1. Per the Cauchy relation, a quarter of the hull surface: what is the mean projected area of the convex hull of the alpha carbons in region 125-222, in nm²?
2. Could I get the Rg over Rh figure for region 205-294? Both from C-alpha atoms, Rh via Kirkwood, rounded to two places.
3. Using unit Cβ charges (K, R positive; D, E negative) and no other charged atoms, how large, in debye to the nearest 20, is the dipole of the chain about its Cα centre?
4. Could I have the simple spin-label model distance between S56 and A273, label points 7 Å from Cα toward Cβ, reported in nm to one decimal?
5. Taking only Cα atoms, what is the 0 to 90° angle, nearest 10, from helix 297-318's long axis to the longest principal axis of the chain?
6. May I ask for the Kirkwood hydrodynamic radius of the chain, worked out over all distinct Cα pairs and given in angstroms to one decimal?
7. Using only Cα atoms, find the angle between the long axis of helix 42-58 and the longest principal axis of the chain, and express it within 0 to 90 degrees, rounded to the nearest 10.
8. Rounded to the nearest 0.05, what FRET efficiency is calculated for K81 and S28 with R0 set to 25 Å and r the Cβ-Cβ distance?
Amino acid sequence: MQTRRSVLVALSGALTLPGFAARADYPSGPIKIIVSFPAGGSIDVIMRAMAAPLQSRLGKPIVIENRAGAAGVVAEGAVAKADPDGLTLLADASALAANPTLFKSMPFDTLKDLQPVYLVFRTPLALVVNPEVPAKSIRELIALLKEKPGQINFAHGGPGSAIHLAGELFAIMTGTTMTGVAYRGAPLALNDVIAGRVALMFADAGSVTGQIKAGQVRALGVSSTERVPALPDIPTIAEAGVPGFEAVGWTLVCTPAETPKPILDTLSAAFAAAAEAPEVHALMLQLGTLPVKSPSPAELKPWLAAEIDRWGKLVERAGVAKSL
């Protein structure tokens, strides 16, 4: 009796036949997208907005499941071990690239067990300080950090997260020393910056736009190489005093490895169409993310390998690896 994987291999050949309908590309059943974060974050909100156009394109129900834990490892492992049939997808952040170095061991191999399908958007970060911090620019902040080495804390949502590694990179590139304070999520970290218990943090630009406009925090710069449409008056950190600085998160959709190429191509095309839907595109900009034109699944594999190398080196320099 054929195994399910054998059937998929046979199916991959059938999918190349002329006129094979996109909605017949899968075994029966809904498509589940496992999001590595709790409900309410930008990844979750955008995935839910994409569900309707994806369903229309693929002809199958789309189910969003939030499975947070261990910096994304819980969700990543669930998808890595799933059947490679296109029915189980992962929506994950750039911690996916940091985790292989951050954790001493994991129950799966990121590059061997996961296949990138679509790069959805990039997530620029905003460097924000409590209004009482006597620094109104990046240069003034650098001077303050050098005046008080190690005495100023920065908040983050957990070791290896983009907002944590951005702070470490900023310290490295400016020759300063800050003390990182880990929280169970970026919202709690931001609350303590607003309350003045911690001086500063890097935060997802979209998630902190309201607090910036309300004067609860002061934005000194954004971490991307270009200004963020949602915060047009905030300079990039590179132009504000740290040439070459860039620390941008991203959101990537993956399938289990060995998913047949026709299914990968169908998914990639479906996500591209969903991302271009006017309501989804507008939502991405509103949330402070930067929509991108995704490379093909084949091109994304070496791209992810390069990201693992890049983020891994920063994890090592920051000395934040975990013994898992």
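Derivation of every value follows stated rules applied to the coordinates shown; laboratory data play no part. This structure is a prediction, so every number in the text was calculated from the model and none was measured. Note that we place each Cβ from the backbone using ideal geometry, even for glycine, and neighbour counts take in every protein chain shown.
1. For region 125-222, the mean projected area of the Cα convex hull comes to 5.2 nm².
2. Here Rg/Rh amounts to 1.09.
3. Dipole magnitude for the chain comes out near 300 debye.
4. My value for the distance between the label points is 0.9 nm.
5. 30 degrees
6. Computed over the chain, the radius equals 20.4 Å.
7. Around 20 degrees separate the two axes.
8. Values: r = 21 Å, r/R0 = 0.84.
The computed FRET efficiency comes out at 0.75.
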